[in-house]
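Undergrad: What follows is a single structure, and I will ask about it in a moment.
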2 protein chains.
Amino acid sequence: MTMIVNNVIRLLTLMTLIFPLIGHASEHPRLILTKDGVDTIRKNLGQVPLFDASVERVKEAVDAEIALGIDTPIPRDYSGGYTHERHKRNFRTAQQAGALFQILQDEKYARYVRDMLFQYEAMYKDLPVHPKERSYARGKLFWQCLNDSNWLVFMAQAYDAIYTWLSERERQQLNRNLFRPFADFISLQNPKFYNRVHNHSTWGNAAVGMIGLVMNDEELIARALYGIADDGLEAGLKDDDGGFIKVEGQKAGFLANLEEPFSPDGYYTEGPYYQRYAMYPFLIFAIAMHNARPEMKVFEHKDGVLLKAVDALLNLTDADGEFFPLNDGQKGMSYHSGSLVTAVDIAYHYGNRNPQLLSIAHTQNQVLLDQAGLQVAMDIRDGKTQPFLKQSVNLTDGPDGTQGGVGVLRYGDEDLSLVFKYAAQGLSHGHYDKLSYSLYDKGDEVIQDYGLTRFVNIEQKGGGNYLKENKTWAKQTIAHNTLTLNQASHFNGDYATGSQHHSELHFFDASRSDVQVLSARETNAYPGTEMHRTMAMIKSPTFEKPFVLDIMKVVSGTRNEYDLPLYFMGQVMKTNFAYQSPPSLNPLGNKNGYQHLYLEAKGYPASETTQLSWLNQGKFYTLTSSTSTTDELLFARLGANDPDFNLRRDAALIIRRRDTGNTVFASAIEPHGSYSPVSELSVNSSSNISNLKVMADNSDYTAVAIEDRKKQLSVFIVANKDVSASKRHKLKIGQQLYRWKGPYHFAIEE
Amino acid sequence: MTMIVNNVIRLLTLMTLIFPLIGHASEHPRLILTKDGVDTIRKNLGQVPLFDASVERVKEAVDAEIALGIDTPIPRDYSGGYTHERHKRNFRTAQQAGALFQILQDEKYARYVRDMLFQYEAMYKDLPVHPKERSYARGKLFWQCLNDSNWLVFMAQAYDAIYTWLSERERQQLNRNLFRPFADFISLQNPKFYNRVHNHSTWGNAAVGMIGLVMNDEELIARALYGIADDGLEAGLKDDDGGFIKVEGQKAGFLANLEEPFSPDGYYTEGPYYQRYAMYPFLIFAIAMHNARPEMKVFEHKDGVLLKAVDALLNLTDADGEFFPLNDGQKGMSYHSGSLVTAVDIAYHYGNRNPQLLSIAHTQNQVLLDQAGLQVAMDIRDGKTQPFLKQSVNLTDGPDGTQGGVGVLRYGDEDLSLVFKYAAQGLSHGHYDKLSYSLYDKGDEVIQDYGLTRFVNIEQKGGGNYLKENKTWAKQTIAHNTLTLNQASHFNGDYATGSQHHSELHFFDASRSDVQVLSARETNAYPGTEMHRTMAMIKSPTFEKPFVLDIMKVVSGTRNEYDLPLYFMGQVMKTNFAYQSPPSLNPLGNKNGYQHLYLEAKGYPASETTQLSWLNQGKFYTLTSSTSTTDELLFARLGANDPDFNLRRDAALIIRRRDTGNTVFASAIEPHGSYSPVSELSVNSSSNISNLKVMADNSDYTAVAIEDRKKQLSVFIVANKDVSASKRHKLKIGQQLYRWKGPYHFAIEE
């Protein structure tokens, strides 16, 4: 750049400082930060501790990057590799530098963004598609268009922040050579990526829309909102993951993406891990629209679903704030992630200022450098914070909320949390796990959902991408705590079939604090067989801690082999049955996930009540299950046919019932006692249950009796048909007549 | 008890309050609390926050027990069972109630102790030995004399606290029917238990001595200090664990136990887990002697070894305060345990008031209810606390400090801690693990020592006792990070042979902060073969983090099969060699621990430098090892022949070198980078080492070269003979002449 241009820039900057542009809609910044917002922020600088600390932290990071110099290497690597990580850091730093420029009005940040943008401008014109060939939609800076879209979502914000500061000529140059071609590449030239209902497309739509808003490019804005009218794609086309790219009659664009994957309750059909990822472009583009096109009322779209989605997402976490790994989800991801800082701050500021959100912002310990972040930080400063109390929730799935759902039963201060999934397929990241569940004790997994088989961004593990075991193991039914028939996955593991169906809620009742029940049915996973699972979280006065009752009722016209696994976490303490370990370990089967499980031991029930106790994280747990003496009890260990050590060596107990038609699997999972390796004190290490049996089972009712060590009998009866709250029921079992109102009965016998 | 007696007691109590007995040696309390001590404590009540809080916490616990009522059930159970845990809680509560009586002068505590003692008195007279038959020395209240001794050590304190408050008649009754028979039973009637050098005996000696001091029974005091003169035991007798009960010419009693197992540095030959356990009776009886028989100068015995031992013990912990599980040691035990509260408070008060100890007391968040605890709490209140800084230490083993030792090399604030064991056998809790090591990153294990195979006090797991896999697995050489020859354990796993030998220090040099070296030799584990291991912790400017260099030099007159395992913790990320997984998993061998390892995969080095990278707790690590292409690389998984699920499913990489005589195994273990599942950012996930090779090896010198990714060469040379600090060495390798002074050379080549 010549000295003359530099001087012109200096002059323009000076003019900007002397004659601030105030208050008309065509001003910049206009996306996330606004002119008014910046004024308010600047007035409050130094007076809002959390905001000031967030500015300071970002400033430190950006200053360090500025000191390091700008590098825009020729793209070469998968995620985890240098060029990938460098470009990723570039766009994040540029976005932050833009915000700092607005907030601190220090031109070094504007210069940094400008210089970086021009390096990209110089490079982009002649840049071929990325050399790595794995993606169905290769990007240019990155191996997939998805990451290119990430880049544009962030860079649009950086650009917006320095837009006014740049010369008209510079803007034209960037628009013409970098941003417009970039937007066209990820959309027009990649319709498979851009024009579908999928979290990838949301990023694409937001990226195109945001740069469109900065450039005032109505064509791009329309393309972002409504997609590409004629994309030339054939219906039925699938992506690398087996997900549908084109479904007949389906709309595309940002609004369609907002419409389709979110249920009215704000549950995102791919699950919380991808919801967390998708929330960022949804929310950031929504704010941009809110600021630049308020007449579109994006936040009010679909009855305010975007802000409900934040609430749903926060409720799909364990006590440590980690998301339940439903469908493809990497464990450990939590509401401490940056995208949740965005979500919480936005939900607070643009929503109804729920003071409970402030406690999450407080633990996040950082806020956005914008009006929303400022508001959160000010209200925390002003003592408005209230604890975030997670309740039992039942979230519907499907655009209209009619495609099943996900429920979470909680007791106490998340002392016990049961996650029960009876949802739709969940698009391409869905697992074949109808009526599956997982169980948490505070932040510890007691009965785990495996999650995904991927090491996100760790290049050594398959470039940081999905590993083949994600399909051969993690998605399969046997990898989940639900019923597998005849060693085949639900829908035979066929994505197209699975995508046509969903489970059905039978009822959800959390009206009592001591008994909470969720009951759902699945009739399509195995044609001709109905699975009906009722799960109750019960805090009985006869038990030390709350326990879970699990009733899986199966009605089938054929005789089947049933496998019901329990992925317990921890060390086996005791069983009430004998088992034998084979001299060699062999896989349990050769397909549908069974090829990854070793049979470690095999036994048979010693009585009609089978028990397994284990110890995990200093607490004891016992499974008590009603079994027949012809059942097989299989101890399985994950890790077979795992040539690259991609799988964890986790354990399961599988209850196998052969050659059976109708049946009921009834079990209790009971936390009890504690052990400390410091005090070496073992407290209440034995189960309180002496007997658990199915007392009655027919098309109207299923009844389970639990006898405790003191011979007290508790009876739980679920109504299999009419579950209205006002319905009166009676059932005679033996000499005893039970009468109750509503969908279930639970009582301790006199 | 009659009303008259009660009234007499009340009268006596009143007299005690009116005419306090001051200052003559025959007063009570006299063991731990003293009359003067109680006065000082009472004067300071309400003014010392940590002490007051400790009183309050103990008071709450004791009040709850008092409300529950006293139960002294007929003994029946192993540890973990009700009667065991009840009697254990009784003696702890009684000891606390006694202290509360002295401190708060509330008679309800005295009554509680008295009533409990009389319940025991009524029961003890006719009590047979405990019905459980597993122990070599069965107790009466507990299944082993050891626990009976625990009872007496605590009850002696409780008794001492209310001694003056009791009537003479009550005292006589207790002495005659309970305490003297109890003391005689655990000593005279159980010489195998009482009259040896072992932590069990220490408890027995302390128990007899403490009750002797309370009762002023000189015979018991002498028996405690010097043992039983004629025990009638034959030399060579062994206990259940294979430990020697009687060694020809060995003394017995408390002083012998103080003499034998502690080295002059305060290292306890059984290892830190048992040291922690043994410290309590050592220290508590030492204070009792200090208070009641000051002329014996127990604290000054063996150059103040008891207080040095506390320091040694605190240094044998990781960054979380957990003890390194050398020999038999249950993981998770830490300086937060009650016996370490005792140790730290006593070491502070009776030692040189090291202000660093206060920071440990602070994290323990409780103090003893005696003079020592008060002093600690007052000094914390007065701001005297300093951080406890753990240094690299080399602790000798053996009564004279001539039987090898244990070294800990540390870098930074425990960023990396290497534990290198070259000690004696360690009595019956010793493992066959000469020259073994483990590695910690802060509080996380990177390369683990397996520890023991036992679930202490968990009744479901073998009564809470040692499991058979402790012998078949945990003690065996292959279970450790050291060299196994020809699939046989050191000393062929023979305890008698192992007990005759120890490794020898070659040198320890932690004089530089950037290079610390420990080198030791073992010549007896495999007759005819010398193993010489040199381990260095190096912080080189060319590496992000400190790394460990491990040189195992073997000189052997025969050709052997060498197995060098690496028990890495975490998930395999990458190897630079190919490997094949077998279709079925089979044990690696049929004895000496090999029967418990499955072969999960097998490969061969692809080059002369073999690498394995793994991820653990968000950090990457890489092993880089110089290998020959005829070496075998075995991935092993623990868990074979484990019919009761007693073993963890941990992983190892074993480098197997067949048919070899002299050889060198040279490896680097290199921590690098990080990964966060929240940011999903993978930083520096690849090793910085491109090549590692043995440049020279002869009887004088062994040299290893490390080439990093930037082609910089670092050379480490160890002198195998003269290691004096002043000795000048030179060595020519190829064209390069190396000159240095002292036992090793380390430099980055120009």
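The values are calculated or read from the model by the stated rules, or taken from the named source; none is laboratory data. What you see is a predicted model; the values in this text were computed from it and never measured. Counting neighbours? That spans all protein chains shown, and the Cβs are built from the backbone with ideal geometry, glycine included. Areas reflect the complete protein model, heavy atoms only, side chains present, ligands, DNA and RNA absent. Shrake-Rupley method; radii C 1.70, N 1.55, O 1.52, S 1.80 Å.
Undergrad: Hey, any hits in the range A:292-302 for a residue that's hydrophobic (A, V, I, L, M, F, W, C), open to solvent by 10 Å² or more (accessible area, probe 1.4 Å) and within 30 Å of A:ASN465 (Cα to Cα)? Quick ask: steps written out before the conclusion?
TA: Taking the range A:292-302 first, the residues hydrophobic (A, V, I, L, M, F, W, C) are A:292, A:296, A:298-299.
Those left that are additionally open to solvent by 10 Å² or more (accessible area, probe 1.4 Å): A:292, A:296, A:299.
Going one step further and asking which of them are within 30 Å of A:ASN465 (Cα to Cα), we end up with none.
No, the range A:292-302 has no match at all.
Undergrad: Looking only at the range B:322-340, which residues are part of a helix (DSSP H, G or I) and surrounded by 23 or more Cβ atoms within 10 Å (Cβ to Cβ)? Let's see the steps before the verdict.
TA: Keep residues of the range B:322-340 that are part of a helix (DSSP H, G or I), which gives B:338-340.
If the condition is that a residue be part of a helix (DSSP H, G or I) and surrounded by 23 or more Cβ atoms within 10 Å (Cβ to Cβ), then B:LEU340 is the only one that fits.
Undergrad: Next question, about the same structure. Listed residues A:GLU168, A:GLU133; which is modelled with pLDDT under 95 and open to solvent by 20 Å² or more (accessible area, probe 1.4 Å)? Break it down into steps so the answer makes sense when it comes.
TA: On the way: A:GLU168 fails: modelled with pLDDT under 95.
Residue meeting the stated conditions: A:GLU133.
Undergrad: List pairs: first residue in the range B:85-102 and over 22 Å from B:CYS145 (Cα atoms), second residue aromatic (Phe, Trp, Tyr) and outside any helix (DSSP H, G or I) anywhere in the structure, Cβ distance under 8 angstrom, at least six positions apart or on different chains.
TA: Between residues of the range B:85-102 that are over 22 Å from B:CYS145 (Cα atoms) and residues that are aromatic (Phe, Trp, Tyr) and outside any helix (DSSP H, G or I), the close pairs are B:PHE101/B:TRP165.
Undergrad: Among the residues of the range B:568-584, count how many are out of contact with any Lys or Arg (no Cβ under 7 Å at 6 or more places or on another chain) and part of a strand (DSSP E or B).
TA: The total comes to 5.
Undergrad: Would you confirm whether or not the range A:195-215 contains a residue that is open to solvent by 20 Å² or more (accessible area, probe 1.4 Å) and among the polar types (S, T, N, Q)?
TA: no
Undergrad: Please go through the range B:25-50 and give me each residue that is touching a Leu at 6+ places or on another chain (Cβ under 7 Å) and surrounded by fewer than 17 Cβ atoms within 10 Å (Cβ to Cβ), ordered by number.
TA: Residues satisfying the conditions are B:GLU27, B:THR40, B:ASN44.
Undergrad: Hey, can you tell me all the residues within the range A:583-611 that are over 26 Å from A:ALA488 (Cα atoms) and not polar (S, T, N, Q)?
TA: Of the residues in the range A:583-611, the ones over 26 Å from A:ALA488 (Cα atoms) are A:583, A:606-609, A:611.
Hits for the range A:583-611 are A:PRO583, A:ALA606, A:GLU608.
Undergrad: Can you confirm whether the range B:94-111 contains a residue that is at positive phi, of a type outside the set (Phe, Trp, Tyr) and open to solvent by 10 Å² or more (accessible area, probe 1.4 Å)?
TA: Applying the first criterion (at positive phi) to the range B:94-111 yields B:105.
With of a type outside the set (Phe, Trp, Tyr) added as a condition, the list becomes B:105.
Checking the rest, the ones that are also open to solvent by 10 Å² or more (accessible area, probe 1.4 Å) come to B:105.
Yes; the residues of the range B:94-111 include at least one that is at positive phi, of a type outside the set (Phe, Trp, Tyr) and open to solvent by 10 Å² or more (accessible area, probe 1.4 Å).
Undergrad: Something else about it: Select from the range A:696-748 the residues that are crowded, with 17+ Cβ neighbours inside 10 Å, in contact with a Gly (Cβ under 9 Å, 6 or more places away or on another chain) and of a type outside the set (Gly, Ala, Ser) and list them in ascending order.
TA: Scanning the range A:696-748 gives A:VAL723, A:HIS729.
Undergrad: Under the condition of being surrounded by fewer than 23 Cβ atoms within 10 Å (Cβ to Cβ) and among the charged types (D, E, K, R), which residue from the range B:136-155 is nearest to B:GLN95 (Cα to Cα)?
TA: Applying the filter and picking the extreme gives B:LYS140.
Undergrad: Identify the residue in the range A:414-445 that is farther than 25 Å from A:ARG521 by Cβ and part of a strand (DSSP E or B) and, among all such residues, is most open to solvent (accessible area, probe 1.4 Å).
TA: A:ASP444
Undergrad: Pairs needed: first member in the range A:729-750, part of a strand (DSSP E or B); second member anywhere, among the aliphatic types (A, V, I, L, M) and open to solvent by 30 Å² or more (accessible area, probe 1.4 Å); C-beta distance under 7 Å; at least 6 residues apart or different chains.
TA: Qualifying pairs under 7 Å: A:LYS730/A:LEU737; A:ILE733/A:MET695.
Undergrad: Could you run through the range B:363-380 and say how many residues are crowded, with 16+ Cβ neighbours inside 10 Å and outside any loop (DSSP other than H, G, I, E, B)? Spell out how you get there, then give the answer.
TA: Of the residues in the range B:363-380, the ones crowded, with 16+ Cβ neighbours inside 10 Å are B:364, B:366-380.
Now drop any that are not outside any loop (DSSP other than H, G, I, E, B), which leaves B:364, B:371-380.
The number of residues fulfilling the criteria is 11.
Undergrad: I've got another one for you. Within the range A:518-534, which residues are crowded, with 24+ Cβ neighbours inside 10 Å and part of a strand (DSSP E or B)? Walk me through it before giving the result.
TA: Initial filter on the range A:518-534 (crowded, with 24+ Cβ neighbours inside 10 Å): A:518-520, A:525-526, A:531, A:533-534.
The answer is A:LEU518, A:SER519, A:ALA520, A:MET531, A:ARG533, A:THR534.
Undergrad: Cβ-Cβ under 6 Å, sequence separation 6+ or interchain: first residue in the range A:448-467 and more than 11 Å from chain B (Cβ to nearest Cβ), partner in a loop (DSSP other than H, G, I, E, B) and among the aliphatic types (A, V, I, L, M). Which pairs?
TA: Cβ pairs passing all conditions: A:GLN448/A:MET569; A:THR453/A:LEU467.
Undergrad: Another question about this same structure. Return yes or no: is A:ASP631 within 30 Å of the chain's Cα centre (by Cα), among the acidic types (Asp, Glu) and modelled with pLDDT of 95 or more? Reasoning before the result, please.
TA: Values: within 30 Å of the chain's Cα centre (by Cα): no; among the acidic types (Asp, Glu): yes; modelled with pLDDT of 95 or more: yes.
No; evaluated as a whole, the condition is false for this residue.
Undergrad: Hey, can you tell me all the residues within the range A:50-105 that are under 17 Å from B:GLU680 (Cβ atoms), in contact with a Lys or Arg (Cβ under 9 Å, 6 or more places away or on another chain) and aromatic (Phe, Trp, Tyr)?
TA: A:TYR78, A:TYR82
Undergrad: Failed condition for A:ASP115, given (1) closer than 28 Å to A:ILE245 by Cβ; (2) modelled with pLDDT of 95 or more; (3) open to solvent by 30 Å² or more (accessible area, probe 1.4 Å), with all others met?
TA: (1)
Undergrad: When you look at B:ALA312, is it open to solvent by 10 Å² or more (accessible area, probe 1.4 Å), modelled with pLDDT of 95 or more, among the hydrophobic types (A, V, I, L, M, F, W, C) and under 21 Å from the mean Cα position of the chain (by Cα), yes or no?
TA: Details: open to solvent by 10 Å² or more (accessible area, probe 1.4 Å): no; modelled with pLDDT of 95 or more: yes; among the hydrophobic types (A, V, I, L, M, F, W, C): yes; under 21 Å from the mean Cα position of the chain (by Cα): yes.
Here the answer is no, as B:ALA312 does not meet what is asked.
Undergrad: Does at least one position in the range A:68-78 carry a residue that is surrounded by fewer than 23 Cβ atoms within 10 Å (Cβ to Cβ), within 14 Å of another protein chain (Cβ to nearest Cβ) and not in a helix (DSSP H, G or I)?
TA: Of the range A:68-78, the ones surrounded by fewer than 23 Cβ atoms within 10 Å (Cβ to Cβ) are A:68-74, A:76-78.
When the remaining residues are screened for being within 14 Å of another protein chain (Cβ to nearest Cβ), the result is A:77-78.
Add one more test, that the residue is not in a helix (DSSP H, G or I), and what stays is A:77-78.
The answer is yes, given that some residue of the range A:68-78 is surrounded by fewer than 23 Cβ atoms within 10 Å (Cβ to Cβ), within 14 Å of another protein chain (Cβ to nearest Cβ) and not in a helix (DSSP H, G or I).
Undergrad: Now a separate question. Counting only residues that are at the interface with chain A (Cβ under 9 Å from one of its Cβ atoms) and in contact with a helix residue (DSSP H, G or I) (Cβ under 9 Å, 6 or more places away or on another chain), how many does the range B:317-330 have? Step through it out loud before you land on a result.
TA: If we filter the range B:317-330 for residues that are at the interface with chain A (Cβ under 9 Å from one of its Cβ atoms), which is where we start, we get B:322, B:330.
Among the residues that remain, those that are also in contact with a helix residue (DSSP H, G or I) (Cβ under 9 Å, 6 or more places away or on another chain) are: B:330.
Adding up the residues that qualify gives 1.
Undergrad: Please enumerate the residues belonging to the range B:657-691 that are more than 24 Å from B:PHE577 (Cβ to Cβ) and more than 10 Å from chain A (Cβ to nearest Cβ).
TA: Narrowing the range B:657-691 to residues more than 24 Å from B:PHE577 (Cβ to Cβ): B:661-662, B:674, B:676-681, B:683.
Within the range B:657-691, B:GLY661, B:ASN662, B:SER674 meet the criteria.
Undergrad: If you don't mind, there's one more thing I want to ask. If you go through the range B:604-656 one residue at a time, how many are within 11 Å of chain A (Cβ to nearest Cβ) and among the charged types (D, E, K, R)?
TA: 6
Undergrad: Can you find, within the range A:544-596, the residue that is least open to solvent (accessible area, probe 1.4 Å) among those that are within 12 Å of another protein chain (Cβ to nearest Cβ), under 30 Å from the mean Cα position of the chain (by Cα) and farther than 30 Å from A:SER513 by Cα? Working first, answer last.
TA: Keep residues of the range A:544-596 that are within 12 Å of another protein chain (Cβ to nearest Cβ), which gives A:568, A:570-576, A:578-587, A:590, A:595-596.
This time we only want the ones that are under 30 Å from the mean Cα position of the chain (by Cα), so: A:568, A:570-571, A:595-596.
Next, from what is left, pick out any that are farther than 30 Å from A:SER513 by Cα: A:571, A:595-596.
Details: A:GLN571: 36, A:GLN595: 27, A:HIS596: 7 Å².
Per the criteria, the residue is A:HIS596.
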